[in-house]
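The values are calculated or read from the model by the stated rules, or taken from the named source; none is laboratory data. Every value quoted in this text rests on a predicted model; they were computed, and no experiment measured them. We place every Cβ from the backbone using ideal geometry, glycine too, and count neighbours over all the protein chains shown.
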Amino acid sequence: MLCPNCSKWLPGDTPYCDGCGHDFQPATSEGTNEKYPHPYHMLGGWLAFFAYSQMVALVLAGISILTSLSRSLSLIPLLRSIDNSMATSFVFATVMSVVHIVVIAFLTIKYFLMIKNKDARFFRYFEIEAIFGVCMSVAMLIVLRDFGVGSRVGSLILGVIGIFLWFNYFSNSVRVRTYFGSDEYLRRSIFLKNVRSPEPADTRPYTTHM
């Protein structure tokens, strides 16, 4: 059959369009709940990937920082014997890395729990994390300019591209709009508060008691 909303061809027994999220199931006699919960009311798709991948990235970043910290501490005596100012910069950068991962950990866990609880403030916390991360990366480039900046510049560019891609996703995603039940996450945003919200796939109230 053809989806009346986006004209995508679908199997005849599909309950909703996997292209635009249009629901084919009628409301129940109560008129408020569906026969089944619309899948966009539950954490899934790219939203779930975002939430869980950020936690995985946090763990990997923590392991990387601990490894780098151990290596850095062993290099400090050698650097002091060569150039004391270079050793000072290296120590300062190490401290910055530890502060960076601690702050990022707090913000990531915070907005992960907010996504799970459908708290509209999550996106502002993600924006704060993005701003902090970019600022810290730039600061590290300046402090460690004597240690080569090629790989750090590449990581910074990839990070900024990733941030813009997620911004685009959250500002246009029907799933996110449906999952949170309103566009409050955009209205609370630092950068996207004036962006037009996508139409939700389902506007009926959703409860876990069906």
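The helices (runs of 4 or more DSSP H) found wholly in the range 77-186 and carrying at least 2 residues that are at pLDDT 85 or above and of a type in the set (S, T, N, Q) occupy 150-172. If only residues of the range 117-136 that are within 14 Å of residue 163 (Cα to Cα) and crowded, with 17+ Cβ neighbours inside 10 Å are counted, the one that is nearest to the chain's Cα centre (by Cα) is 126.
If only residues of the range 158-173 that are touching a residue at least 60 places away in the same chain (Cβ under 8 Å) and under 20 Å from residue 18 (Cα atoms) are counted, the one that is surrounded by the fewest Cβ atoms within 10 Å (Cβ to Cβ) is 169.
Residues are listed down the side, and each one gets a yes or a no for (1) surrounded by 13 or more Cβ atoms within 10 Å (Cβ to Cβ); (2) at pLDDT below 70:
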residue	(1), (2)
3	yes, no
7	no, no
10	yes, no
20	yes, no
25	no, yes
31	no, yes
34	yes, yes
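A Cβ distance below 6 Å, combined with a sequence gap of six or more or placement on separate chains, defines the contacts here; from the range 44-58, residues that are assigned by TED's automatic domain parsing to the domain that holds residue 170 and within 11 Å of residue 166 (Cβ to Cβ) reach residues that are of a type in the set (Val, Ile, Thr) and assigned to a helix (DSSP H, G or I) in the pairs 47/176; 54/108.
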